[in-house]
1. Of the residues GLU29, GLU56, only one is acidic (Asp, Glu) and within 14 Å of GLY101 (Cα to Cα); which?
2. Is it the case, given these coordinates, that THR90 is without any contact (Cβ under 8 Å) to a residue 40 or more places away in the chain and on the phi < 0 side of the Ramachandran plot?
3. Considering the stretch 31-54 alone, what residues qualify as being within 11 Å of the ligand (Cβ to nearest atom), outside any loop (DSSP other than H, G, I, E, B) and farther than 13 Å from ARG243 by Cβ?
4. Restricting to the stretch 157-187, what's the tally of residues that are of a type in the set (Gly, Ala, Ser) and within 16 Å of the chain's Cα centre (by Cα)?
5. Considering only the stretch 65-73, I want to know if a residue exists there that is closer than 11 Å to ILE100 by Cβ and assigned to a helix (DSSP H, G or I).
6. Can you name the condition, by its number, that GLY118 falls short on among (1) part of a loop (DSSP other than H, G, I, E, B); (2) crowded, with 20+ Cβ neighbours inside 10 Å?
7. Just checking, which of ALA227, ALA263, ALA268, ALA214 is in contact with a Lys or Arg (Cβ under 8 Å, 6 or more places away or on another chain), part of a helix (DSSP H, G or I) and surrounded by fewer than 21 Cβ atoms within 10 Å (Cβ to Cβ)?
8. Out of all the residues in the stretch 137-163, which are more than 16 Å from the ligand (Cβ to nearest atom) and in contact with a strand residue (DSSP E or B) (Cβ under 6 Å, 6 or more places away or on another chain)?
Amino acid sequence: MPFSTITLNDGRKIPEIAYGSWTLGNGREVIDQVEQGLDVGFDHLDTAQIYRNEEEVGVAFKESGLARNDVWITSKWSGAWMGEKQLGITESCKMSLAKIGVEYLDLYLIHSASLVQGRINEAWAEMEALQTAGLVKSIGVSNFKIDDLKTLLHKAKVHPAVNQILLHPYVYENTKDLLAFMKEHNIVPEGYSGLIPLTKQPGGPLDKPLFKIAKKHNLAPEQVLLAWVRSKHAVIVTTSSKRDRLERYLAVGDVKLSDSDIAELEKAGAKGHKTLGLWQKIALGVVCVVLGGAAGAFRGNF
Ligand SMILES: NC(=O)c1ccc[n+]([C@@H]2O[C@H](COP(=O)([O-])OP(=O)(O)OC[C@H]3O[C@@H](n4cnc5c(N)ncnc54)[C@H](OP(=O)(O)O)[C@@H]3O)[C@@H](O)[C@H]2O)c1
């Protein structure tokens, strides 16, 4: 069965796989790549203030000729600065709308809990106000841990629809509790960077079962990893510059891994997370520094 949708806690239906614009850079090349994604059949675009290519995403959407309600568009408040001033959630959202050139976003996320430490409830109230005003249809968070979600839920009028998180077999063992908490509170996971075991961490204990399972089902290894992300009932957030690879990603809609395939991947993943834990901590640290330090890197550019 091709990819379909997942129903969020606000009743809206989010397409199960998204095309992300993080690593695409900016300029005409990005527009062409996003257009390629839409042309192949992606109907869900994932961007963010800090990716600095919301405009290109918007141009690609417009040039595609697709209707607004044919494409789900997500953006994120990343805490960017303009000169000496950090842009707040409301003004950032309005800027994102203007850059993308749409009247509403399907989903707006707080990019990381590290951006709102000590003021999670105030930040979330702003997100709720954006939804009430109709600027965004659904609201959610990204890179929130259990304690961050507990703080948010304590005062929230609207529960976050999603939490967009790093999700692949090497981090699964450490993410299980968060996923269980999210399930309990009806918060849908969106899994990003699911291909890290192939792209950034090859050579670990996952390789053997991954390639074996891929061969057994006549699949590419990246398809097996994306099918694994899907097995966690998560929206897949991925990307590629290559048309044939994007077609293979979408074909994952027809892939169903067996319970034993999934268990084998997770057993190997759990071994990897111990040996690769340091790498993961460094990677997470980089995300925090990039988001937390958006000040220095992006002053004046918004
Ligand atoms: N919320 C957050 O903090 C956060 C963080 C990170 C990412 N994201 C979102 O998630 C999206 C995807 O992130 P990601 O790029 O890290 O995702 P990913 O799905 O793990 O990786 C996609 C990359 O994998 C490469 N790839 C695919 N198959 C491969 C193979 N067999 N061998 C080698 N390389 C292969 C592709 O390269 P080619 O272009 O060469 O095909 C592509 O650049 C981002 O664009 C962003 O929207 C969100």
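1. Just a single option satisfies the conditions, and that option is GLU56.
2. no
3. HIS44, LEU45, ASP46, ILE50, TYR51
4. Residues meeting the conditions: 1.
5. Yes, the stretch 65-73 contains at least one residue that is closer than 11 Å to ILE100 by Cβ and assigned to a helix (DSSP H, G or I).
6. GLY118 satisfies every listed condition except (2).
7. ALA268
8. Selection gives LYS137 alone.
The values are calculated or read from the model by the stated rules, or taken from the named source; none is laboratory data. Note that this is a predicted model, so its numbers are computed, not measured. Here the Cβ is made from the backbone with ideal geometry for all residues, glycine too, and neighbour counts use every protein chain on show.
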